[in-house]
Amino acid sequence: MVDAHVHLEKGSYCIEWIQEFIQYALLRNINEIYFLEHTHIFKECSSLYDEMSCYNEYQNNWYRKKYENARPLKEYTDFIDDMKKERFPIKLKFGLEVCYSSEHIKDIENIKNMYSFDFLVGSIHFIDGWAFSHKKQLWRKENYNLNDLYKRYYELMYELADSNLFSGLAHPNSLQCFGAYPIGDYDTECNRIAKALKENNMYIEESSGLAINYGDTELGMSGKMLKAMILQNIQILTASDAHIPQDVGKLIFEMNDLISKAEQSSERVSQQTAYPQQW
């Protein structure tokens with residue numbers, strides 16, 4: 001089993017920190033980890049946060065503090081080079097989680113071309129500058145037009161997938177972080193995203209991050225989106241969004257079970273369509 005989204009930023013770049021994550025991975029039968037870091041912890045990526053830091057005072061203060069403690073990206077890439085010389089009991093990949101916005105495609109291209117990561121995963125953390133998943137900006141779904149909000153969210157995901165900049169799409173269920181679940185019929189949007197992922201040879205995460213970090217009761221992406229991904233044969237990678245070793249591999253088994261059941265259901269529907277019952 002794979003955990004395709006594990007952050008290192010809460011510890012130092014040393015082999016002992018990596019080994020702590022591996023220890024918990026082995027306990028949960030994880031045989032591959034995708035390690036990554038947020039772009040907001042690196043000085044070279046500061047331009048990606050121009051719009052969000054201007055959105056309101058809270059976000060400006062949040063990013064200013066992040067930038068004050070930001071690391072040089074070379075510190076991370078040097079660490080990756082060192083770790084690739086080591087031998088570990090499971091397979092490891094090292095990459096970057098990039099906050100996507102269409103205003104900064106050129107900046108993202110520069111990062112991609114300048115460094116040789118194993119993977120680059122794109123995330124929608126902001127909707128037109130609004131950092132919707134920050135707990136200190138907790139919002140109530142009753143105060144928003146959820147249909148419009150989800151349509152914009154899915155539009156941004158499509159742009160990300162269509163940009164041809166990334167290896168994968170991270171946690172596509174992030175907007176439901178405070179209980180705002182999709183309520184409309186978004187088949188068109190989900191199918192459009194799935195086709196863009198297929199055209200650009202990308203994977204999508206089935207993420208337990210909201211369950212682990214926000215207490216979300218609905219595991220993984222919406223049923224409609226999962227179905228769209230399966231029908232387009234998109235690679236689905238399970239991901240915990242762990243920020244500490246103890247969370248590596250959490251709920252991965254359960255998500256694999258969800259994927260398996262959705263695949264079986266889609267296969268039954270396909271068979272019924274191909275061989276309609278004769279009367």
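Listing for the model above:
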item	result
Considering residues of region 61-74 that are surrounded by 14 or more Cβ atoms within 10 Å (Cβ to Cβ) and not aliphatic (A, V, I, L, M) only, the residue nearest to Glu32 (Cα to Cα)	Arg71
Residue match in region 198-206 (condition: in contact with a strand residue (DSSP E or B) (Cβ under 8 Å, 6 or more places away or on another chain), within 21 Å of Lys93 (Cα to Cα), crowded, with 16+ Cβ neighbours inside 10 Å and among the hydroxyl-bearing types (Ser, Thr, Tyr))	yes
Lone unmet requirement of (1) at pLDDT below 95; (2) crowded, with 18+ Cβ neighbours inside 10 Å; (3) within 30 Å of Glu75 (Cα to Cα) for His171	(1)
Pair list, Cβ < 6 Å and 6+ apart or interchain, from region 34-59 residues that are in contact (Cβ under 8 Å) with a residue 60 or more places away in the chain and surrounded by 16 or more Cβ atoms within 10 Å (Cβ to Cβ) to residues that are in a strand (DSSP E or B) and among the small types (Gly, Ala, Ser)	Tyr34/Ala4; Leu36/Gly95; Met52/Ala131; Gln59/Ala131
Given (1) more than 18 Å from Glu206 (Cβ to Cβ); (2) without any contact (Cβ under 8 Å) to a residue 40 or more places away in the chain, index of the condition Asp107 fails	(2)
Single match in Glu32, Glu86 (criterion: of a type in the set (D, E, K, R) and out of contact with any strand residue (DSSP E or B) (no Cβ under 6 Å at 6 or more places or on another chain))	Glu86
Residues located in region 197-226, provided they are at pLDDT 95 or above, more than 16 Å from the chain's Cα centre (by Cα) and in a helix (DSSP H, G or I)	Lys198, Glu199
Yes/no for Ile90 being hydrophobic (A, V, I, L, M, F, W, C) and either under 17 Å from the mean Cα position of the chain (by Cα) or at pLDDT below 95 (or both)	no
Test: residue in region 95-115 that is modelled with pLDDT of 95 or more, surrounded by fewer than 18 Cβ atoms within 10 Å (Cβ to Cβ), of a type in the set (A, V, I, L, M, F, W, C) and in contact with a helix residue (DSSP H, G or I) (Cβ under 8 Å, 6 or more places away or on another chain)	no
Failed criterion for Gly95 (all others in (1) under 24 Å from Ile244 (Cβ atoms); (2) among the small types (Gly, Ala, Ser); (3) not in a strand (DSSP E or B) hold)	(3)
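The values are calculated or read from the model by the stated rules, or taken from the named source; none is laboratory data. This structure is a prediction, so every number in the text was calculated from the model and none was measured. Because the Cβ atoms are built from the backbone with ideal geometry, glycine has one as well, and the counts that use them run over all protein chains shown.
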